[in-house]
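Student: Pasting a structure here, questions to come.
The values are calculated or read from the model by the stated rules, or taken from the named source; none is laboratory data. Since the model is a prediction, treat every value here as computed from it, not as a measurement. All Cβ positions, even for glycine, are placed from backbone atoms using ideal geometry, and neighbour counts span all protein chains on display.
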């Protein structure tokens with residue numbers, strides 16, 4: 001396919017990496033924006049009246065907000081079933097078109113029925129984007145920078161959340177009529193249009209190209225990522241490592257039923273389930289309930305006015321985003337596992353203290369609750385917001401990466417739907433006791449990470465197979481993956497002209 005797979009602009013090195021980051025970041029900015037924008041509007045009586053939603057109907061309110069996540073789940077299912085057929089970029093483009101269509105339907109909705117339809121359509125697009133953008137970025141990144149680049153993507157998600165809250169605040173404070181909510185909903189299409197118009201300049205994932213037999217295109221992309229000549233010894237090394245890993249992974253054919261009965265030498269099924277469980281626990285920690293309904297919670301749990309609640313929700317989003325910025329450094333400095341572990345401990349402590357503050361319910365305890373919900377958002381942003389999204393495309397083997405990542409992301413969207421759907425009903429019926437659920441699952445996060453999560457920092461995507469391989473197979477796999485490296489070391493010793501500083505390439 002030549003230029004189509006290589007990208008229509010021959011960018012190299014840091015410039016190429018930066019352009020991939022910016023292109024994918026625009027869609028992730030929209031992803032965060034969409035998570036916050038409607039939750040900030042649903043508490044406004046005028047919006048409920050325009051959409052013909054009774055202000056006391058918590059069930060319908062929860063459905064309109066949460067149905068977006070069902071669309072996302074459908075998008076993930078599409079990626080799991082058909083994700084290897086057309087490449088990472090094509091699905092990102094298709095997802096962008098769904099999002100633009102859904103944004104238009106939401107902005108023009110005359111009642112809640114069309115709003116539901118628009119949110120489902122946009123959700124399908126977001127499900128596709130969130131399945132494939134982390135894979136695309138991971139597979140186009142150097143091993144030493146992979147975690148930081150994914151952390152940047154997720155930090156930009158939270159920047160989108162910040163933009164949504166302050167956009168809502170600005171329209172509520174300064175505008176009147178339907179434009180108060182129609183403009184913020186239409187605006188989400190702006191971000192994804194940037195991705196749609198720039199992705200053609202950028203290359204396809206080299207690992208997908210190798211898998212499909214487009215070796216010349218993949219070599220060209222690898223050479224540009226590492227900014228070396230196409231005949232460089234390290235291009236050959238990467239090609240052979242990927243092909244060796246594919247052969248090792250394919251020795252046991254993976255079928256969907258193998259998700260439950262793992263017979264592979266590299267523990268394929270268990271690796272998928274670890275990623276799925278991490279996303280399951282992430283949502284049952286309570287973060288998206290707070291992200292979607294921050295203003296609603298401040299009004300109904302803490303007794304704030306509409307103006308104060310909207311302003312406080314905007315401040316909370318800034319703290320959340322600030323926490324995520326720290327992970328750009330910590331995931332590569334300390335590793336994925338330590339960041340998840342300390343984040344789970346911090347989030348457990350903050351959620352328990354927040355729940356106690358609501359239960360006591362006096363002026364001092366409510367002030368304490370506000371403080372700890374801010375600390376919870378910061379701690380989550382610095383850990384569990386970021387790492388699960390980078391862990392799935394890292395840990396799942398190449399030949400099932402689209403399945404594993406889609407399953408993990410699909411679990412995230414499924415649990416988000418459940419939490420966002422039942423949240424308003426739970427708050428109305430049991431009050432502060434609803435948060436006990438989140439306290440319990442934050443503690444479970446600590447236990448699961450300690451016993452089940454393995455470190456992946458600094459490893460190539462092929463070397464991660466060795467980390468997860470069954471004990472009796474590790475020696476064989478290590479010999480396969482490093483025989484190519486040994487050959488290149490010998491070449492370098494006999495011909496110094498092919499030497500490239502290793503630290504700069506990995």
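Student: What residue, of 200, 136, 166, 181, is farther than 24 Å from residue 407 by Cα and crowded, with 20+ Cβ neighbours inside 10 Å?
Tutor: 181
Student: Right, next: When segment 164-187 is examined, which residues are found to be free of Cβ contacts under 8 Å to residues at least 12 places away in the same chain and part of a helix (DSSP H, G or I)?
Tutor: 170, 174, 179
Student: Only residues that are surrounded by fewer than 18 Cβ atoms within 10 Å (Cβ to Cβ) and either farther than 19 Å from residue 348 by Cα or modelled with pLDDT under 85 (or both): list them for segment 427-438, please.
Tutor: Of everything in segment 427-438, those that are surrounded by fewer than 18 Cβ atoms within 10 Å (Cβ to Cβ) and either farther than 19 Å from residue 348 by Cα or modelled with pLDDT under 85 (or both) turn out to be 428, 429, 430, 431.
Student: Quick check: anything in segment 448-460 surrounded by 13 or more Cβ atoms within 10 Å (Cβ to Cβ), over 23 Å from the mean Cα position of the chain (by Cα), part of a loop (DSSP other than H, G, I, E, B) and in contact (Cβ under 8 Å) with a residue 24 or more places away in the chain?
Tutor: no
Student: Further question: Return a yes/no flag: does segment 295-304 have any residue that is farther than 25 Å from residue 42 by Cβ and in contact with a helix residue (DSSP H, G or I) (Cβ under 9 Å, 6 or more places away or on another chain).
Tutor: No: segment 295-304 contains no residue that is farther than 25 Å from residue 42 by Cβ and in contact with a helix residue (DSSP H, G or I) (Cβ under 9 Å, 6 or more places away or on another chain).
Student: Farther than 30 Å from residue 400 by Cβ, out of contact with any helix residue (DSSP H, G or I) (no Cβ under 6 Å at 6 or more places or on another chain), at pLDDT 80 or above and in a helix (DSSP H, G or I): does that describe residue 105?
Tutor: Here the answer is no, as residue 105 does not meet what is asked.
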